[in-house]
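*Asks:* Take this structure, written in structure tokens, and hold onto it; I'll ask about it next.
No lab work stands behind these numbers, since they all come straight from the coordinates. Small disclaimer: the values here were computed from a predicted structure and weren't measured. When we count neighbours, we look across all protein chains shown, and the Cβ atoms used for this are built from the backbone with ideal geometry, even at glycine.
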């Protein structure tokens, strides 16, 4: 039994996922936190992974991750649980000038 | 016929300017649009035309990218060109400096924020952190200038592969004589006006250091208030600020062929980062800082812009270039007597490097 999660990518990151608009991730139910979802989505895509998290594993400051519409920064960060069938959005924040 | 290519790194991308006569320029770009380019280097060793860029996306982070066709295509190291080792707990914030090594054509040096020195043995594809400097007992006391805490100056010694100087804001000048294994603070004579004791061993905010190619043991430093010369490869420093309109500024450049010729772009003061007298100008000395001449021909007045530490360079033929925070790039081909425009209406210029190519 595994947990299926959809990871939706913003347009600017799709070139690092062979053009895919979303990635299907299957995880064992005992390891289904945002951190696990991101690990699974980026393990074979290091250029994608480096854009989402720095080398310490921290989410980049201006990258937002939503689980079913809720920003994980206002939850438990990468320790936020992800339920079966959840939709995880990775989006750039509104910043810059 | 040779051509001069000027790489212009800005807050929002990279532009290239090309010219066969350094009077008329064609501008290509933007490349890496919406990504900051605070460092770049042309690697022309062994006939290469390799362009290395330290770029940073506000959203997606920093890295080093390389192009072997002058920006037509770019390569990015999948595993990351620069990654802090896990035990450091640090993450790369910005690549401030990229310098091809004068002794080994495969080696490239990088300076980063947070303050670390990096060595690549594969032309800039991957870098290894220089542990000797990272493990320095002073590191915990190094601070941050307004732009962040970074190693922004790397000067390999052309006479010895074991000898190197770096400078950081803040922290000051450090030197190694054993190929980077150990480092010594080297700020004797450089003032730190922002400390209760203005003559500390380290902690100075040295903005940029340049080496005189004709007299490699002679160095010049533009400090956070203060302009200095060293005649002993950085061991000691002496003020050469007398005669300047101000001792503040960010960049310092030396002539590639004419000994004792040095250029500064003065800034009025720490708290007033505009040109002195609202006249964009270059200060030139042809006697190693004993006297200074004000060079303004072709430069705007009034001007309230600023020139950052890496937004200036020289080419192999003695051309002097600088870019401003309001997106203008100028060149002088007569040692600073006069300037003409290379590019205008760019985003704020962070770095400028020039190469003369076949």
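*Asks:* Per the Kirkwood treatment, what hydrodynamic radius in Å, one decimal, follows for the range B:21-77 from the mean inverse distance over all distinct Cα pairs?
*Replies:* Radius from the Kirkwood sum: 12.5 Å.
*Asks:* Over chain B, what per residue volume does the convex hull of the Cα atoms give, in whole Å³?
*Replies:* Roughly 125 Å³ of hull volume per residue.
*Asks:* Please express the shape of the range B:68-225 as an equivalent ellipsoid: the semi-axes are the square roots of 5 times the eigenvalues of the C-alpha gyration tensor, given largest first in whole angstrom.
*Replies:* On the way: eigenvalues 132, 72, 42 Å².
Three semi-axes, in Å: 26, 19, 15.
*Asks:* Mean-square fluctuation check for chain B, GNM, Cα pairs under 10 Å: which of B:323, B:180, B:54 is largest?
*Replies:* The residue that fluctuates most here is B:180.
*Asks:* Take peptide A:49-61, look around each residue's Cβ out to 10 angstrom, count Cβ atoms belonging to other protein chains, and average those counts. Write down the numbers at each step before the final one.
*Replies:* Numbers: counts 3, 11, 5, 3, 2, 9, 12, 8, 2, 1, 0, 6, 3.
The shielding value for this peptide is 5.
*Asks:* Follow-up question, since we're still on this one. Please find the FRET efficiency linking residue B:235 to residue B:3, where r is the Cβ-Cβ separation and R0 is fixed at 25 Å, and quote it to the nearest 0.05.
*Replies:* The formula returns an efficiency of 0.05 here.
*Asks:* Can you give the calculated 222 nm mean residue ellipticity of chain B, where each DSSP H run of n ≥ 4 adds -39,500 (n - 2.57) and the sum is split over every residue, rounded to the nearest 500 deg cm²/dmol?
*Replies:* The helix-only estimate for chain B comes to 0 deg cm²/dmol at 222 nm.
*Asks:* What is the ratio of the Cα radius of gyration of the range A:3-92 to 2.2 N^0.38 Å, where N is its residue count, to two decimals?
*Replies:* After normalising by residue count via 2.2 N^0.38 Å, the value is 0.96.
*Asks:* Name all residues of the range B:1-24 having a backbone nitrogen under 16 Å from the label point set 7 Å from the Cα of residue B:257 along its Cα→Cβ direction, giving them as ranges.
*Replies:* Answer for the range B:1-24: B:2-4, B:21-22.
*Asks:* Please compute the modelled spin-label separation between residue A:15 and residue B:215, points set 7 Å along Cα→Cβ, answer in nm with one decimal.
*Replies:* Rounded to a tenth, the inter-label distance reads 4.9 nm.
*Asks:* Under 8 Å for C-alpha pairs, at least 6 residues apart: give me the relative contact order for the range B:175-313, rounded to a whole percent.
*Replies:* Computed value for the range B:175-313: 17 percent relative contact order.
*Asks:* With contacts defined as alpha carbon pairs under 8 Å and 6 or more residues apart, what's the relative contact order of chain B in percent?
*Replies:* Working: 1053 pairs, mean separation 45.4, N = 358.
Relative contact order comes out at 13 percent.
*Asks:* Please compute, over every Cα-Cα pair in the protein assembly as shown, the percentage with a separation greater than 30 angstrom.
*Replies:* Value for the protein assembly as shown: 46 percent of Cα pairs lie more than 30 Å apart.
*Asks:* Within 10 Å, count the other beta carbons around each residue, average over each peptide in B:200-210, B:28-38, B:233-243, and list them highest first.
*Replies:* Most protected by this proxy first, the peptides run B:200-210, B:28-38, B:233-243.
*Asks:* Would you mind calculating the relative contact order of the range B:274-358 from Cα pairs under 8 angstrom and at least 6 residues apart, reporting the percent as a whole number?
*Replies:* Result for the range B:274-358 is 26 percent.
*Asks:* As a test of understanding, state the convex hull volume per residue of the range B:305-344 from its alpha carbons, in Å³.
*Replies:* Given the Cα convex hull of the range B:305-344, per-residue volume reads 64 Å³.
*Asks:* Just to confirm my numbers, what's the Cα centroid distance between the range B:1-32 and the range B:100-162 in Å?
*Replies:* 27
*Asks:* Also, I was wondering about something else. If you take every DSSP beta bridge fully contained in the range B:143-292, what fraction is antiparallel? Give it as a percent rounded to 5.
*Replies:* Of the beta bridges lying entirely in the range B:143-292, close to 95 percent run antiparallel.
*Asks:* Which value at 222 nm does chain A reach when only helices count, each DSSP H run of 4 or more adding -39,500 (n - 2.57), with the total divided by all residues and rounded to the nearest 500 deg cm²/dmol?
*Replies:* Only helices count here, giving -4500 deg cm²/dmol.
*Asks:* With each pseudo-label sitting 7 Å past Cα toward Cβ, what's the residue B:162-residue B:278 distance in nm, one decimal?
*Replies:* In this crude spin-label approximation the distance works out to 5.6 nm.
*Asks:* Ignore the peptide's own chain and count Cβ atoms of other chains within 10 Å of each Cβ in A:83-93; give me the average, rounded.
*Replies:* That average works out to 1.
*Asks:* Next question, about the same structure. Full-extension gain between residue B:201 and residue B:304, please, as 0.36 nm times their residue separation minus the C-alpha to C-alpha distance.
*Replies:* My answer for the length gained is 33.6 nm.
*Asks:* Strictly greater than 12 Å: what percent of every Cα pair in the range A:47-97 meets that? Display every interim value, and only then the final one.
*Replies:* Numbers: 830 of 1275 pairs.
Distances greater than 12 Å cover 65 percent of the Cα pairs.
*Asks:* Which three numbers, in whole Å and largest first, are the semi-axes of the equivalent ellipsoid of the range B:29-150 derived from its Cα gyration tensor as √(5λ)?
*Replies:* 24, 18, 12
*Asks:* Using 0.36 nm per residue of separation minus the Cα-Cα distance, give me the extension gain between residue B:294 and residue B:141 in nm, one decimal.
*Replies:* On the way: separation 153, 0.36 × 153 = 55.08 nm, distance 3.77 nm.
Separation in residues times 0.36 nm, less the Cα-Cα distance, equals 51.3 nm.
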